[in-house]
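S.K.: Quick one: the structure is below, and I'll ask about it shortly.
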Amino acid sequence: QVQLVESGGGLVQPGGSLRLSCAASGSILRIDAMGWYRQSPGKERELVATITRSLSANYADSVKGRFTISRDNAKNAVYLQMNSLKPEDTAVYYCNAQGIHATLGYSDSWGQGTQVTVSS
């Protein structure tokens, strides 16, 4: 398995900022894509942002201009800087990694999730 651990979630007021971090560990040969997804009660899990090994990023329209995804390939880590947060950003945020495990082959792994709550 590839283990993913998220951190950085919490309670923040509208307009505030948070930075999420995710670190991957395990018998990893290569991680191709990493990303962040989120899910709120009553809603489908949705893509927030993804980033490839070559650092090409893709964002949901709802977060463009406010969120920035980054990646450190050497550390097998991905980050999400969230600025100008809105109440509708409230969700559990999950880290995702797609790549090759040393013994299991292709792996699509998820973290446990970290809660982000935007409220006054």
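S.K.: Given the criterion touching a residue at least 12 places away in the same chain (Cβ under 8 Å), in contact with a helix residue (DSSP H, G or I) (Cβ under 7 Å, 6 or more places away or on another chain) and not aliphatic (A, V, I, L, M), identify the matching residue among Ser109, Ser119, Ser70, Ser84.
M.R.: Details: Ser109 fails: in contact with a helix residue (DSSP H, G or I) (Cβ under 7 Å, 6 or more places away or on another chain); Ser70 fails: in contact with a helix residue (DSSP H, G or I) (Cβ under 7 Å, 6 or more places away or on another chain); Ser84 fails: in contact with a helix residue (DSSP H, G or I) (Cβ under 7 Å, 6 or more places away or on another chain).
That would be Ser119, the only listed residue that is touching a residue at least 12 places away in the same chain (Cβ under 8 Å), in contact with a helix residue (DSSP H, G or I) (Cβ under 7 Å, 6 or more places away or on another chain) and not aliphatic (A, V, I, L, M).
S.K.: Taking the residues in the stretch 99-120 that are open to solvent by 60 Å² or more (accessible area, probe 1.4 Å) and not in a loop (DSSP other than H, G, I, E, B) as candidates, determine which candidate is farthest from Arg53 (Cα to Cα).
M.R.: So the residue we want is Gln115.
S.K.: Determine whether Arg38 is of a type in the set (Lys, Arg), surrounded by 14 or more Cβ atoms within 10 Å (Cβ to Cβ) and assigned to a strand (DSSP E or B).
M.R.: Spelling it out, Arg38 is indeed of a type in the set (Lys, Arg), surrounded by 14 or more Cβ atoms within 10 Å (Cβ to Cβ) and assigned to a strand (DSSP E or B).
S.K.: Look at Glu6 and say whether it is acidic (Asp, Glu) and either touching a Leu at 6+ places or on another chain (Cβ under 7 Å) or modelled with pLDDT under 95 (or both).
M.R.: Yes, satisfied.
S.K.: With the structure loaded, tell me whether Ser62 is out of contact with any strand residue (DSSP E or B) (no Cβ under 9 Å at 6 or more places or on another chain) and either of a type outside the set (D, E, K, R) or assigned to a strand (DSSP E or B) (or both) or whether it fails that test.
M.R.: Judged against the criteria, Ser62 is not a match.
The values are calculated or read from the model by the stated rules, or taken from the named source; none is laboratory data. Computed from a predicted model, the values in this text were never measured in an experiment. When we count neighbours, we look across all protein chains shown, and the Cβ atoms used for this are built from the backbone with ideal geometry, even at glycine. We work out accessible area using only protein heavy atoms, side chains counted, and drop any ligands, DNA or RNA first. Shrake-Rupley method; radii C 1.70, N 1.55, O 1.52, S 1.80 Å.
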